[in-house]
Amino acid sequence: MKVFGIDIIRGSVRSRTKRPYFALVQRVDGGEVSVSEVSLYRLLRVVADEEPDILAVDSVQELAPTIQDLFSILQALPPTTMLVQSTGGEKQESLPRIAGRYNLKFNKYDPYAEARASAHVAELGGGAEVIAFENTCDIIVSRGRSLGKGGWSQNRYARKVHGAVRQTGHDVEAVLDREGLSYTRHEVKAFGGLGRVHFEVAAPREDVPVRNMRLPDVQVKVSGRRLDRLRYRPLSSGRRYLIVGIDPGTTVGLAALSLDGELICQTSSRQMAMPDVIESLYKSGKPLVVATDVSPMPASVERIRRAFAAVAYTPKGDISVEEKKALCEGYPYHNDHERDSLAAAVTAYRHYQGKFRNIAKRVPPGSDLDEIRAGVVRGLPLEQILGRKAVPAVGEEVEEREEVVPGPRDDRLLQLDGMVKSLRVHVADLQEVNAEKDREIARLKALIGKERSRQARDLKKEAEIAKRDEIVTNVKKQLRREERRTKKLVRQVERLRRLSARQAGEDRLAVKVLPSLSRDGVRTVEGDLGIGEGDVLYVKSTAGWGTGLLDLLGETGMRALLARDHDARLEAAFLEHGLVVLDAGAAGVEVRGRVGSVPTEGLEAEEARWEGRRAAWTKEKKSEMIESIYKEYLSEREREVKRHG
């Protein structure tokens with residue numbers, strides 16, 4: 001196994017002026033082979049060339065100032081190299097304390113000694129691996145150089161580069177297929193081949209047999225997919241040994257110390273049964289010694305001790321309250337039960353403390369002190385423990401052999417029988433609770449069904465009301481339009497009545513006055529007075545008229561249009577459309593505001609003259625038509641004569 005340990009000598013990764021320099025210690029198969037001073041750039045080059053199994057550091061903050069920079073450094077490491085934080089994962093401890101568990105001593109003010117200790121601890125299985133990537137990775141095959149602005153051979157050069165990208169993509173795909181890896185391929189087509197090939201491989205980087213490389217025309221980049229946050233995985237999965245103090249009774253008190261005297265677990269509860277106590281201790285570690293503050297050991301504590309095959313410890317006599325308080329100085333506790341259990345654990349730890357110090361002096365550096373101390377507490381000779389002790393390799397799971405439980409077989413059977421009965425009662429209670437919850441769920445479902453039906457009825461009612469409201473709104477709009485139209489017609493009727501009253505008997509006819517000879521003028525009179533068949537219209541000036549107006553006048557069915565001044569073009573247009581335009585002065589029109597009157601006799605006289613002009617115009621048109629037909633006939637005859645000679 002090849003392990004690199006580093007520690008910062010001077011500078012900092014956060015400084016812009018002083019670059020960091022590291023002490024680098026290289027260990028191979030348990031022996032130290034090299035010690036050097038390197039910069040961060042040189043460190044990454046050495047790691048890339050040597051590809052060690054572990055790169056150990058006491059804190060990852062020495063490598064990168066931010067998480068993003070740390071991701072970049074981890075991406076630059078070889079896939080088979082683990083970055084290990086020798087002081088632990090989320091919950092860190094000091095490096096001297098971690099090294100002390102393996103009987104390693106060093107000068108904490110010497111960077112080379114710290115780098116050596118970090119490497120040695122990681123080699124022995126201490127610390128935690130820094131995990132930054134998911135179990136998937138991306139392989140990107142792309143151009144290794146820019147195509148440039150181009151020249152005479154630009155197209156040929158582009159085909160060469162894109163063809164190389166396509167061929168390299170095929171080679172990578174063949175490697176993935178040969179290894180049986182699952183992947184998804186995405187490609188970007190380009191002139192003469194492919195511009196980019198992206199493989200999403202469902203495997204971690206270290207399992208993908210493709211490495212970063214740069215060829216003259218192609219580059220291949222293998223990168224893992226980043227996790228949301230850094231994770232830590234302990235190199236050793238073994239649980240720590242504990243010295244446990246138990247205060248039995250109505251309220252159970254628990255306290256657990258490590259073999260170094262650190263408080264690991266402390267709790268008290270009135271509702272803790274024996275299975276709960278066993279579960280709590282199992283989660284905290286492996287109980288090596290179970291102690292009480294009274295002698296002899298109570299039966300309930302004895303059953304817990306046998307469940308873990310732990311060593312029993314009882315004081316020579318009952319411990320007084322003053323002694324308990326003195327023993328617990330420096331440790332926190334909340335009540336008397338926690339104090340009593342903590343006093344029992346501290347008493348047992350002090351009983352073995354002398355042995356632990358003697359063991360630390362006798363065993364060689366690099367030994368797992370916890371395992372050796374556990375063997376000595378169980379009564380094994382130190383030479384026998386050192387003779388059979390083998391340090392497991394990193395990543396290798398330590399096999400936990402089932403320990404033989406000492407004690408009479410009948411006691412064990414009674415204990416298991418009691419546990420089974422307790423569990424059966426607990427299962428019956430849970431089944432009853434489950435049935436009650438099922439009944440409550442059925443009741444709530446029925447209530448939800450009723451509520452949904454009521455809501456459906458309300459929604460249907462609201463939809464119908466909205467539909468009716470919309471119909472009422474449309475009817476109201478239509479009613480208002482009809483009311484406006486009715487008012488308008490009433491006004492027209494009143495005006496027509498006043499117009500009829502102004503007519504001086506049967507010898508005069510009413511005349512409706514147009515403001516101008518235009519479409520707007522006609523529509524204004526039609527809207528105010530109405531224009532019906534047989535009506536006589538009057539306009540003072542004929543300026544601005546158009547042919548479209550004549551069609552509109554023809555649709556009204558008027559009798560005649562009286563005008564003060566009209567030219568021959570207007571008269572010809574009226575004749576063309578079959579309309580009548582008369583001279584208002586000759587007819588004797590009298591105008592009063594928007595209405596007027598004309599003598600019947602004068603109007604009929606003008607109409608007679610207009611009929612004469614119409615007859616002359618019709619005759620002239622027929623003559624022109626005959627003359628045109630004749631000319632056309634002559635022209636056709638001349639062409640035939642010329643054609644036939």
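The values are calculated or read from the model by the stated rules, or taken from the named source; none is laboratory data. Note that the coordinates shown come from a computational prediction; the quantities given were computed from them, not determined experimentally. Don't worry about glycine lacking a Cβ; one is built from the backbone with ideal geometry, like all the others, and counts go over all protein chains shown.
Of note:
- Among (1) out of contact with any strand residue (DSSP E or B) (no Cβ under 9 Å at 6 or more places or on another chain); (2) modelled with pLDDT of 80 or more; (3) outside any helix (DSSP H, G or I) - the single one Glu620 does not satisfy: (3)
- Scanning the stretch 592-605 finds one or more residues that are in the same structural domain as Lys540 (by TED's automatic domain parsing), loosely packed, with under 10 Cβ neighbours inside 10 Å, more than 60 Å from the chain's Cα centre (by Cα) and touching a residue at least 12 places away in the same chain (Cβ under 8 Å).
- Per-region count, the stretch 163-202, residues free of Cβ contacts under 8 Å to residues at least 24 places away in the same chain, among the small types (Gly, Ala, Ser) and within 18 Å of Val218 (Cα to Cα): 1
- Hey, Val38 crowded, with 16+ Cβ neighbours inside 10 Å, touching a helix residue (DSSP H, G or I) at 6+ places or on another chain (Cβ under 9 Å) and farther than 20 Å from Gly126 by Cα or not: yes
- Here Ala256 clears all of (1) under 30 Å from Gln353 (Cα atoms); (2) in contact with a strand residue (DSSP E or B) (Cβ under 8 Å, 6 or more places away or on another chain); (3) assigned to a loop (DSSP other than H, G, I, E, B) except the condition numbered (3).
- Tally, over the stretch 535-575, of residues that are assigned to a strand (DSSP E or B) and of a type in the set (A, V, I, L, M): 7
- Matching residues in the stretch 576-599 - criterion: being within 15 Å of Thr542 (Cβ to Cβ) and outside any strand (DSSP E or B): His577, Leu579, Val580, Ala584, Gly585, Val589
- Qualifying residues in the stretch 118-134 (those that are touching a strand residue (DSSP E or B) at 6+ places or on another chain (Cβ under 7 Å) and outside any helix (DSSP H, G or I)) - the one surrounded by the most Cβ atoms within 10 Å (Cβ to Cβ): Gly127
- The stretch 349-367: number of residues that are surrounded by 11 or more Cβ atoms within 10 Å (Cβ to Cβ) and without any contact (Cβ under 8 Å) to a residue 60 or more places away in the chain: 6
- Within the stretch 99-144, the set of residues being within 18 Å of Asp7 (Cα to Cα) and among the acidic types (Asp, Glu) comprises Asp110, Glu114, Glu123, Glu129.
- Of residues in the stretch 327-338 being among the charged types (D, E, K, R) and over 50 Å from the mean Cα position of the chain (by Cα), the one farthest from Ala291 (Cα to Cα): Glu329
- Scanning the stretch 257-279 for residues being crowded, with 17+ Cβ neighbours inside 10 Å, among the hydroxyl-bearing types (Ser, Thr, Tyr) and either touching a Cys at 6+ places or on another chain (Cβ under 7 Å) or farther than 12 Å from Gly245 by Cα (or both) gives a total of 0.
- Members of the stretch 76-117 that are among the aliphatic types (A, V, I, L, M), in contact with a strand residue (DSSP E or B) (Cβ under 6 Å, 6 or more places away or on another chain) and part of a helix (DSSP H, G or I): Ala115
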